[in-house]
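The values are calculated or read from the model by the stated rules, or taken from the named source; none is laboratory data. The model shown is predicted, which means the values in this text are computed figures rather than measured ones. Cβ coordinates were reconstructed from backbone atoms using ideal geometry, including for glycine residues, and neighbour counts include every protein chain displayed. Keep in mind that these areas ignore ligands, DNA and RNA; they rest on the heavy atoms of the full protein, side chains included. Shrake-Rupley method; radii C 1.70, N 1.55, O 1.52, S 1.80 Å.
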Amino acid sequence: MASPLFQRLGSLFQSPRKIQSFNLPLPVVCLILLSFAIALYGINWGLPDWKAWAADELIPEKVLEAIDQQFVNGWYYKYPPVHYYLLAILYSPLLILQQLGLVNFDDLKTYTLLFYIGRSLSVVMGVGTILLIARLGEQVFDRRTGWLAALGMTLTPLYVYYAKVTNLDIPVLFWTIAFLICYIEILKHHRFRDYIIGAVLAAIAVCTKDQFYGFCILTPFFAIGHLWQHQRQTQPEFTLWQAVRDRRIGWGLLAGIVAFLILQNALFNFEGFIDRFNLILYGGASIRPRYEESWRGQLEMLGQSFYHLKFSFGWPLWTVSILGLILYLWHCWKPQLSNQPRNWLPLYLWVPAISYYLFYVAPILYNDVRYLMPLMPIMVLFGGYGISQLVDRTKPWFIPGTMLATLIFFYSLGYSWTINSLMANDARYFVEEWMQAQILPNELVLEVGIEKYLPRSTGFQVKTLEEPDLDQLQALNPRWIITSSGYDQRRFAPDSKGYAFFQELSGKKLGYEMVLKYQTLPKWYWFDRSEVTYRFLDDMKIYSNFDKIDPEIRIYRSNKP
């Protein structure tokens with residue numbers, strides 16, 4: 001990683017006298033506390049439970065399966081193994097206690113503790129991501145811009161949500177920003193060690209979540225071209241072929257490949273290594289395109305990407321980020337009034353960003369707010385740059401600019417806190433209390449949809465149907481039917497069995513009457529609810545998992561004798 005970052009980490013191992021003088025600046029402390037508090041609030045969402053409520057969350061069951069197979073014997077899952085390794089290390093004290101017979105993972109309380117361990121790691125890596133963004137901003141702009149950008153990222157809904165669940169979006173973002181820091185160090189100095197560390201960090205990111213590979217397509221070619229131009233400043237005869245053959249490039253490439261194979265455990269688990277990639281390319285883990293495979297489809301998806309980014313930031317922070325980018329470009333291309341060189345480093349960050357979009361998002365023809373999350377730190381740096389111009393003490397607009405910046409951050413806090421408000425007031429908490437009071441343990445309950453979008457059913461006799469039809473209902477003849485707006489009639493074509501099921505259920509044609517319809521609808525809600533929750537088949541205005549928080553729950557009771 002970047003040498004200044006290593007120097008700071010190295011300070012922890014210095015002499016006691018130096019350690020005593022170590023102190024963190026107040027902005028750093030405030031940012032750590034704020035990002036930690038925002039991420040920690042609501043960490044208990046959907047717990048205790050065996051599955052919890054977060055879509056695509058890496059649940060303890062999958063980690064325990066990997067540990068049981070020792071990550072070999074053909075083991076694989078749809079995600080790469082690095083985050084499993086980290087969780088296995090954190091699980092190890094409980095694993096030892098299990099071997100001693102002191103704990104049992106079949107006990108819900110112990111199992112839920114594993115959930116908290118995984119989510120706590122996300123909190124820590126989320127705070128680490130914010131600090132790395134501050135460091136990246138300091139590298140390409142200045143310290144003030146870095147901290148303002150990091151504060152902006154802290155106050156986004158995607159950070160608030162994914163920093164408290166065991167999804168891989170925050171971990172891969174952490175390693176991505178670490179890689180970008182090293183990437184900038186490479187372009188600044190072209191040191192041998194930075195090439196090695198950068199390649200290893202890229203391998204760690206890819207082995208955390210495959211989508212990072214998109215960053216790695218164009219970026220090495222740009223680094224080679226930049227090395228060529230860098231060497232030509234002192235060696236005019238230095239050729240592009242010499243840059244390609246430079247030992248820094250060769251050893252960096254080798255380090256990345258070796259790290260990738262080691263982290264994938266390809267030597268000792270070759271069968272699982274191959275099977276996982278077959279799953280991604282040809283199996284159930286492949287992504288179903290949402291846009292047609294044409295230039296028109298790509299343009300539609302690009303427009304949706306900007307729409308998603310506006311939603312992900314909130315309009316004030318998104319606006320100031322756009323204006324900050326425009327201001328930066330104007331400063332780069334305006335006639336120079338001094339001999340100071342132009343600062344191209346922020347522009348160089350767009351090379352991996354464009355590479356990611358072209359080689360990951362564009363080919364899969366699938367757009368989701370979290371798939372664009374790796375691009376947000378780059379964009380928020382320009383938001384930090386724009387705000388830093390507003391709060392510049394040397395400018396005549398300092399006072400109104402500071403007031404405007406304060407309003408932007410306060411709006412962002414309220415906007416992003418919507419996620420915490422939804423999680424803390426999720427409708428399923430009330431519904432579960434109602435179920436305890438109204439449903440007898442021996443009565444059959446049919447839950448329709450994906451388990452994570454429904455109330456927790458521990459203690460009840462439950463059957464779950466993800467693909468409901470009337471024949472299944474007749475065969476089961478449950479006393480109760482529970483549905484969720486997270487998975488309802490809107491997902492099905494009008495001529496499908498699922499659509500007919502919901503249509504007849506709501507039309508009272510099946511002998512069931514609705515006895516409860518509940519959604520909390522908390523007062524602290526700054527999103528456009530119709531925009532976030534709209535759905536018609538696969539068509540959505542905002543593609544996210546936020547509509548799965550605080551879903552509307554409907555409970556039907558049989559009125560048959």
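Rounding to the nearest 10 and keeping the result within 0 to 90°, find how far the Cα-based axis of helix 108-140 lies from the longest principal axis of the chain.
Compared with the principal axis, the helix lies near 30 degrees.
Using amide H atoms built in the peptide plane, which far-off residues or other-chain residues are under 5 Å from residue 45 H to H?
So residue 45 has HN proximity to no qualifying residue.
What does the net charge come to around residue 69 if you take all other residues with beta carbon closer than 15 Å to its beta carbon, with K and R at +1 and D and E at -1?
Result for the neighbourhood of residue 69: -3.
Is the C-alpha gyration tensor of segment 296-410 telling us rounded, prolate or oblate? Criteria: a/c under 1.5 is rounded; beyond that, a/b larger than b/c is prolate, otherwise oblate.
oblate
Ignoring everything but the protein chains, give the 1.4 Å probe accessible area of residue 281 in square angstrom, nearest 10.
110 Å²
Can you list the HN-Hα couplings for segment 38-46, worked out from phi with the Karplus curve (6.51, -1.76, 1.60; θ = phi - 60°), rounded to whole Hz and with x for Gly and Pro?
Per-residue couplings from phi come out as 5, 6, 6, 5, x, 5, 8, 4, x Hz.
Dividing the Cα radius of gyration by the Kirkwood radius, what Rg/Rh value follows for segment 396-451?
1.43
What number, in nm² with one decimal, is the all-direction average of the projected area of the convex hull of the alpha-carbon atoms of segment 227-340?
Over all viewing directions, segment 227-340 projects a mean Cα-hull area of 14.1 nm².
Out of residues 5 or more away from residue 447 or on other chains, whose amide H comes under 5 Å of its own, with H placed 1.01 Å from N in the peptide plane?
463, 464, 465, 482
Provide, as a two-decimal number, the C-alpha radius of gyration of segment 363-510 over 2.2 N^0.38 Å, N being how many residues it has.
1.65
Which percent of Cα-Cα pairs in segment 443-561 sits in each 5 Å bin, short to long?
2, 10, 21, 23, 20, 13, 8, 3, 1, 0
Is it possible to state the helix-based mean residue ellipticity at 222 nm for the chain, with each DSSP H run of 4+ residues giving -39500 (n - 2.57), the sum divided by total residues, to the nearest 500 deg cm²/dmol? What is it?
Counting only the DSSP helices, I get -18000 deg cm²/dmol.
Enter the accessible area per residue of the chain (Å², integer; probe 1.4 Å; all protein chains in place).
I get 47 Å² per residue for the chain.
Quick one: if the Förster radius is 56 Å, what FRET efficiency do residue 278 and residue 529 give, using the C-beta to C-beta distance and rounding to 0.05?
In this case the efficiency is close to 0.85.
Which value, in nm² and rounded to one decimal, describes the direction-averaged projected area of the C-alpha convex hull of segment 438-483?
Values: hull surface 12.4 nm².
Averaged projected area of segment 438-483's Cα convex hull equals 3.1 nm².
Can you tell me which of 504-511, 177-184, 85-92 comes out highest on packing, and rank the rest after it, using the mean Cβ neighbours within 10 Å? Don't skip to the answer; put the middle values down first.
Values: 504-511: 14.2, 177-184: 25.0, 85-92: 16.5.
Per-residue Cβ counts within 10 Å, averaged per peptide and sorted highest first, yield 177-184, 85-92, 504-511.
What are the extents of the Cα atoms of the chain along their three principal axes, in Å, largest first?
Ordered largest first, the chain gives principal extents of 91, 59, 58 Å.
Between their Cα atoms, which of 109/517; 517/560; 310/497; 463/517; 62/463 are more than 28 Å away from each other?
Listed pairs above 28 Å: 109/517; 310/497.
Once you wrap a convex hull around the alpha carbon atoms of segment 140-238, what is its projected area averaged over all directions, in nm²?
So the mean shadow area of the Cα hull is 7.6 nm².
Taking the Cα centre of segment 72-204 as the origin, how large is its charge dipole in debye, to the nearest 20, when only Lys and Arg (+1) and Asp and Glu (-1) carry charge on their Cβ atoms?
Its charge dipole is roughly 220 debye.
Working from the pairwise distances between different alpha carbons, so that the mean of 1/r is found and then inverted, what is segment 69-133's Kirkwood radius in Å? Could you put the intermediate results ahead of the total?
Numbers: mean 1/r = 0.0737 Å⁻¹.
After inverting the mean inverse Cα-Cα distance, the result is 13.6 Å.
Less than 14 Å apart at the alpha-carbon level, and either on another chain or at least 8 residues along: which aspartates and glutamates does that give for residue 209?
Within the straight-line cut-off, residue 209 pairs with 56, 57, 169.
Can you give the angle from 0 to 90° between the axis of helix 315-333 and the longest principal axis of the chain, with both taken from C-alpha atoms, to the nearest 10?
It works out to around 20 degrees.
If one takes the longest principal axis of the Cα atoms in the chain, at what angle in degrees, from 0 to 90 and to the nearest 10, does the Cα axis of helix 247-263 lie?
20 degrees
Whole angstrom only: what separates the Cα centroid of segment 243-257 from the Cα centroid of segment 383-440?
45 Å
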